[in-house]
Amino acid sequence: MASPESRYVPADLEPRRQRRWAELGLDRTPEPSEVRAENFYALSMFPYPSGNLHMGHVRNYVITDVIARVQRLRGRRVLHPMGWDAFGLPAENAAIERGVDPAEWTGRNIAQMRAQLQRLGLSIDWEREVTTCSPDYYRWTQWLFLQFLEAGLAYRREATVNWDPVDQTVLANEQVDAEGRSWRSGAKVEKRRLRQWFLRITAMADALLDELPQLEGWPERVRTMQANWIGRSRGALLRFPLAEGDGSVQVFTTRPDTIHGVSYVVLAPEHPLVEQLTSPGQQPAVEAFRAEVAATSEQDRVADDRPKRGVALGGTVRHPFSGEAVPVWTADYVLPEYGTGAVMGVPAHDSRDFAFANAHGLPIRTVVVPTEGAAPAEPLAEAFTAPGRLVNSGPFDGLVGEEAIHAVVAAAVAAGCGEARTTYRLRDWLISRQRYWGCPIPVIHCDSCGVVPVPVDQLPVELPTDVDLSGSGGSPLERAEAWRRVPCPCCGADARRETDTMDTFMCSSWYYLRYTDAGNAAEPFSRAAVDRWLPVDQYVGGVEHAILHLLYSRFFTKVLAERGLVGCREPFRRLLTQGMVQGITYRSPSTRRYVPPAAVADPGAPTDPDTGEALEVFYEKMSKSKHNGVDPGAVIDRYGADTARMFILFKAPPEKDLEWDDADVEGQYRFLQRIWRLCDGANRGGLRLADPLPLPSTLTDGERDLRRAVHGAIQAIEEDLLGDELQCNTAVAELMKLSNALGSGLATVRPAVAREALATLLVLLAPFAPHLADELWEQLGGEGSVHRQRWPELDRSALTRDTVTVVLQVKGKVRGQLEVPADTSGDELERLALASDVAQRWLEGTAPRRVIVVPGKLVNLVP
RNA sequence: GCCCGUGUAAUCCAACGGUAGAGAUAGGCGACUUAAAAUCGCUCCAGUGCGGGUUCGAAUCCCGCCACGGGCACCA
């Protein structure tokens, strides 16, 4: 008598499976001595512990988990860690608003998020957890800072910096978007002149750019973004001597070949030579102009397509080659921060100069013409900016392109009025922050010794705990007098601690190194441990860090490599940038108010519950303010973690945005239930996974069909998960296809074939739905855990067919099919095709002009 | 303005240059049921954003557009 059907109850099964995994120590990273295997490092971008896990986290960590689990099944020794990017403003703001201690607040959030994460069944080695705000960790962040200081890569200087008026701190250039807004607060940043700490990332600009092409496992788009950000441009520095007095105006240009087309020189209004070059008559106009520009916001100043305003200074410089007098102007289209803050105006060959010259009646002199075809008619309608052949350029006439550039630069060098120069958009990384909840910069200011590094044996410089976090009036550490006062490590005199803390991106620039040796109390990580695991085999995270975190981490790795601390120059071999998780969003077209989905009566025709008008419906990144978020915990409560995992993997390819849809989640749940019933039925039918039976020497047609489905799935899923692109969505579709094949085929095959099919299904399912696969594995009497199995071996012979369907085309159009033995030769196929009804009907008796045969696929008859 | 990506069925997504559909959601029909849900079976729906080109054959390659998303942008 068969036992009754059992039910799939994830809420009951999942915690049980997780307890079992913990007992078995499945997630622990094996020591090299335990397992002889290749290493695989699977890494997710660690979260800020806000206390709430959201769907973006779930997607990120589930993708990485699938990769980690697949690699384990394939016999690799896997490192799959997790940690917390735990310094940062929300903790401090909570302290200001609610009076809670930032450390406590952060600790609570971590505990809460860890518990939420663990419900997902991620195979994370929690023994290697790192927390950046823990003194055990930030001690080493400080140690690394001192390495930079010693290498001359950390320095303090006064500079014009971005100030976030909401967060009350400065920001690095990377942390301000194109609209001039802070990446965190969204506030418009202001420019301030302050003395700050920087890391000399520009020293690595060439390496950061030139080594980008090696990152073949990175999305093209991220590499392009980094290249744009670094913004290298090669050109020359040219000096125009002042007409009166000593000195010269230096300009940077990428087109030194156009030097003879210069009709004026422009200085940025902030340029130090403006005053000196202003004639008495022009003084009022220049002063008025500078005041006007100073009053313009940064954004307006930089906006494109605005008239190029400027005034002549009255002074002149001499052309470095011809000696002619060149008038000097100041204009708002020249930026003080880029190049030398001065530009040579060549209206004929630069569109900005062209616009400026036309607006102010300056001469336009053509010195470059196309190498082929006619020169543009004069007066020019627009600037000719392409490279070409030089004319009206004295000794340089006739030279072309690069050759012309080199000749002009060589002549400038010989004359002592210039040299080749490369400039970058990239600026040094501003790491000072005027906030409390960050890693203290470990230096001491002494009146006689200057800036003194804190000796390594005194690390960490711990944050004081009794601090006034009122949220106003500068850095809280400045008010911690007792903490600040400290003897100078050099001379012993009274000295003061640095009160700036570090940008949290410092903490996250090396956490992936710490994971390899998380318990090390003597150093941040041992060289051996790092070399064993780095570079990371697969990194997964959001594209919002395309520049920020990923650029900083590359910089860190290169510096550490040059100091012999790590053995590789690039930290992340492969990078997957996952798309956003979007929720369905309802908005009232008239009030622009977001309406919660719960308030929408009929999702088919959504109307505003208050006004009754039809609502706009679209998908957008989940957020509280739009009422479009879905809580991962609620989904797990209702369907279980496996359904949530499967859905999020299946709904869209990992790189693309994903539209959350409750109906699809339901569908995913049904699929897992189908698998449950399939296995339950097999179980009650007496199938046991533990007894591997030899396959019969001859198989029935049904058995061969089932084996073809099984091995077809192995092949397809291997391609999806191990190929260049990770395609979890199609891998899940293959699992569905396989389970459909089992559903119809399992009952009619002998136990050996059924056993192979079911065991394969469960092992292939294990990385995606780890709880369910393991539970069913156990129920069916499988040995050990499904997660300790070997990835199924592909039997190519199972994929073969006796007969295949060959498509008959006439002139590329499908006109019929032929069912032929799989090994039919091309000649035979051609003969069969020509003899077919299709040929009779479509060729009307004439012989085809051409016949294309693709054996096993198609025959194309071309009349 | 420049660069990158994406456009396929009502919807989400597949398709080494070779039969446009793997998979799913929603819809329709049927079976089971007193009925419904669940389940099972069947089924409707696109010629691939637009216009050219290459090819025996194009969703796929090339050229020119359009729409959406993203990055950079008076960067000399």
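The values are calculated or read from the model by the stated rules, or taken from the named source; none is laboratory data. Note that the structure is predicted; figures quoted are calculated from it, not measured. Virtual Cβ from ideal backbone geometry, glycine too; neighbours counted across all protein chains shown. When the accessible area is computed, the model is the full protein with side chains, heavy atoms only, and any ligands, DNA or RNA have been set aside. Shrake-Rupley method; radii C 1.70, N 1.55, O 1.52, S 1.80 Å.
Points to keep in mind about this one:
- Taking the C-alpha atoms only, the angle from helix A:701-722 to the longest principal axis of chain A is near 10 degrees.
- Degrees, to the nearest 10: A:10-24 long Cα axis against longest axis of chain A: 80
- Farthest positive-ward along chain A dipole, Cα basis, beta-carbon charges - from A:Thr385, A:Ala614, A:Ala111: A:Ala111
- Solvent-accessible surface of protein heavy atoms, probed at 1.4 angstrom with all chains present, puts A:Arg195, A:Arg59 in the order A:Arg195, A:Arg59, largest first.
- Cβ-derived FRET efficiency at R0 60 Å, A:Asp447 paired with A:Ala605, nearest 0.05: 0.20
- Solvent-accessible surface (1.4 angstrom probe) belonging to A:Arg192, in square angstrom, nearest 10: 100
- Residue order for A:Glu718, A:Glu498, A:Glu819, A:Glu523 - accessible surface, 1.4 angstrom probe, largest first: A:Glu819, A:Glu523, A:Glu718, A:Glu498
- Cα centroid of the stretch A:826-861 to Cα centroid of the stretch A:317-391, whole Å: 66
- Highest to lowest packing among A:428-439, A:805-816, scored as the average C-beta count within 10 Å: A:428-439, A:805-816
- Neighbourhood net charge (10 Å Cβ-Cβ; Lys/Arg +1, Asp/Glu -1) for A:Tyr552: -1
- Chain lengthening between A:Glu544 and A:Glu481 when straightened (0.36 nm per residue, less Cα-Cα): 18.8 nm
- Extreme residue, positive dipole direction of chain A, given options A:Gly186, A:Met225, A:Trp329 (C-beta unit charges): A:Met225
- Total charge dipole magnitude, the stretch A:777-863, about the Cα centre, Cβ charges on Lys, Arg, Asp, Glu only, Debye to nearest 20: 580
- Surface per residue (accessible, 1.4 Å probe) for the stretch A:769-855, Å²: 60
- Mean Cβ count within 10 Å, highest first, over the residues of peptides A:82-90, A:241-249: A:82-90, A:241-249
- Label-to-label distance for A:Arg796 and A:Arg841 is 3.8 nm, based on points extended 7 Å past Cα in the beta-carbon direction.
- Where the stretch A:363-405 is the region considered: accessible area per residue in Å², 1.4 Å probe: 59
- Value of D in µm² per second that Stokes-Einstein yields for the stretch A:263-392, Kirkwood Rh from Cα pairs, at 20 °C (1.002 mPa s): 137
- Chain A - percent of accessible surface contributed by carbon and sulfur, probe 1.4 Å: 49
- Packing rank of A:685-691, A:52-58, A:767-773, where each peptide gets the mean count of other beta carbons within 10 Å, highest leading: A:767-773, A:52-58, A:685-691
- With Cα atoms defining each centre, the stretch A:773-823 and the stretch A:471-527 are spaced 59 Å apart in the structure.
- Alpha carbon centroid spacing (whole Å) that separates the stretch A:188-209 from the stretch A:103-143: 29
- Residue among A:Gln283, A:Gln434, A:Pro307 farthest towards the positive dipole end of chain A, charges placed on Cβ: A:Gln434
- Net +/- balance of residues flanking A:Gly583 in space, Cβ distance below 15 Å, scoring K and R +1, D and E -1: -2
- Accessible surface calculations at 1.4 Å, restricted to protein heavy atoms, place the stretch A:582-629 at 60 Å² per residue.
- Relative to the longest principal axis of the Cα atoms of chain A, the long axis of helix A:548-562 makes an angle of roughly 80 degrees.
- Helical content of chain A, expressed as a calculated mean residue ellipticity at 222 nm, amounts to -10500 deg cm²/dmol (DSSP H runs of 4 or more residues, -39,500 (n - 2.57) each, divided by residue number, nearest 500).
- Here chain A is treated with +1 on each Lys and Arg Cβ and -1 on each Asp and Glu Cβ, and its dipole about the Cα centre works out to around 900 debye.
- Partner aspartates and glutamates for A:Lys857 [C-alpha distance under 16 Å; skip if fewer than 8 residues away on the same chain]: A:Asp802, A:Glu819, A:Asp823, A:Asp827, A:Glu828, A:Glu830
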